[in-house]
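For reference, the structure discussed in these notes is given below.
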Amino acid sequence: MERSLSLFQLLDPEVLANPYPLYHRLRSHDPVHWDPFLHAWVVTRYADVVTVLHRFSADRTPTPEQLAAMGLAKLTPVAQVMVRQMLFMDAPAHTRLRLLAAHAFTPRRVAVLRESIEEVTNSLIDTVIPKGRLDVIADLANPLPAIVTAKMLGVPTSDHEQLKAWSADFAEILGNFQHNPEGADRVLRSTEDLTKYFRSAIREQERRPRPGLIHSLMTSEVDSDRLSEDEVVANCIITMVGGQETTTNLIGNGVLTLLRHPSELKRLRDDLSLIPSAVEELLRYESPSQHTARLAPDDVELGGKRISKRQAVIAVMGAANRDPERFSDADRLDITRPDNRHLAFGWAAHFCFGAPLARIEGQVAFETLVRRLPELRLEPGPLVWRSNLGLRGLTALPVAFGE
Ligand code: HEM
């Protein structure tokens, strides 16, 4: 079996730094590839990723027995939270939850957040201006989504560092497919703490409602149907994690990509009306969430391969977004790329619930950086990527600006 095609190679820092040659080999040699090391199918062509996201089952939370077999029985309470999260459900349970959540998270609410996103971004940049340098991750890409998430939920923004720490722990199991029994204790503790945190926020909001997602999920009603408290808690957790890790990566990966493409950065500086289209291209080019998983709903054929019912399938959006059959000159960054229907936010029923918010955060962050920090340049030194294989992002991104 060809080991060189296994996604496990992402554990090699060099492959992690640039996974695109590996994706390219997979797409051209074996686009629907059985990975014996992962015990899953790996799908890398745009058209096939769309099929998987459209047709395959998202209901994939491991049962207590499966967790025990992996030596992770202690994660059972985490799985009990996951089964109530929209990300891990199929219709009709998913449709119900998503509808109730959509009532709670309307375009009007997102528009209200834009103003505070601009305010927070500007105040984060104010603090670095006198220094002439910043770490894009620590100074902007981590705190901005954490503060915005607190505002979106309706909890004190002073909790943002705690929210960030919990989110990073929970993301370990969302983004990774390698088993990490040592990390399990931390994930378990964080999930318990998060559950307590949101339960007490719910109690607090019963007495004193605050505008935000927690309160609107508590009160959202469609045809006399409401979410249970466990459902509110579970979906606050997924929204809190989904809202932070990915947006951090969009900002960090996006700044790095622009710095590596000075002529595109100059085009953007010269015409800020290109910001929305640049954000879409940065999402395509260095997708913050590189892959997701599904299970085959039945015995099915895909790309000439026979996939058995309930076998795991990894849909690699990061590879589909560089598929030359879908995108012309797919490895080239073009901030004015037309017809850029990338898969960075997924596809179909589970298409990112927070995409409108993520887009605003990205647009405001890039516009503010480009407008306020002239002569932005990378500081010398090695770049270290997060060990999370699915949530692609840098651990730090030191840059300097000004003369
Ligand atoms: C650049 C930022 C973001 C990216 C790249 C991103 C990416 C994604 C992707 C790929 C999915 C689909 C996963 C799948 O089908 O398995 C998804 C779903 C989701 N995202 Fe995002 N996301 C981002 C920001 C956000 C934000 C800001 C929020 C919160 C407001 C959020 C909340 C969610 C939720 C709750 C789901 C589950 C939707 C469902 O299952 O119906 N995301 N996201």
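Laboratory data are not the source of any read-out in this text; all were calculated from the coordinates shown. For clarity, every value in this text was computed on a predicted model and none was experimentally measured. FYI the Cβ positions are ideal-geometry reconstructions off the backbone, even for glycines, and counts take in every protein chain you see.
For VAL241, neighbours were defined as the other residues whose beta-carbon sits under 11 Å from its Cβ, and their charges (Lys and Arg +1, Asp and Glu -1) total -2.
LYS131 to ARG371: FRET efficiency via 1/(1 + (r/R0)^6), r the Cβ-Cβ distance, R0 22 Å, to the nearest 0.05? Before the final figure, lay out each step's value.
On the way: r = 18 Å, r/R0 = 0.82.
Once rounded, the FRET efficiency stands at 0.75.
Here the chain is treated as a sphere whose radius is the Kirkwood value from Cα pairs; by Stokes-Einstein at 4 °C and 1.567 mPa s it diffuses with a coefficient of 59 µm²/s. Taking the Cα centre of each part, how many Å lie between the range 100-128 and the range 232-258? The range 100-128 and the range 232-258 have Cα centres separated by 14 Å.
Contact order for the chain, expressed relative to its length and based on alpha carbon pairs under 8 Å spaced 6+ residues apart, stands at 24 percent. Legend: ranking of residues LEU295, LEU213 from fewest to most surrounding C-beta atoms inside 10 Å; resulting order LEU295, LEU213. Taking each residue as 0.36 nm, the span from ARG109 to GLN9 lengthens on full extension beyond its C-alpha to C-alpha distance by 31.8 nm. With a cut-off of 11 Å between beta carbons, the residues surrounding ALA344 carry a summed charge of +1, where Lys and Arg count +1 and Asp and Glu -1. Rounded to 0.05, the FRET efficiency of the ASP271 and ARG210 pair, given R0 = 41 Å and the Cβ-Cβ distance, is 0.55. Here the 3J(HN,Hα) profile of the range 127-134, calculated from phi with Karplus coefficients 6.51, -1.76 and 1.60 at θ = phi - 60°, is 6, 9, 3, x, 7, x, 8, 8 Hz, Gly and Pro shown as x. Just so you know, the Rg over Rh for the range 12-142 is 1.08, from Cα atoms, with Rh as the Kirkwood radius.
Can you compute the helix-only [θ] at 222 nm over the chain? Use -39500 (n - 2.57) per DSSP H run of at least 4 residues, normalise by all residues, nearest 500 deg cm²/dmol. Computed mean residue ellipticity for the chain: -16500 deg cm²/dmol.
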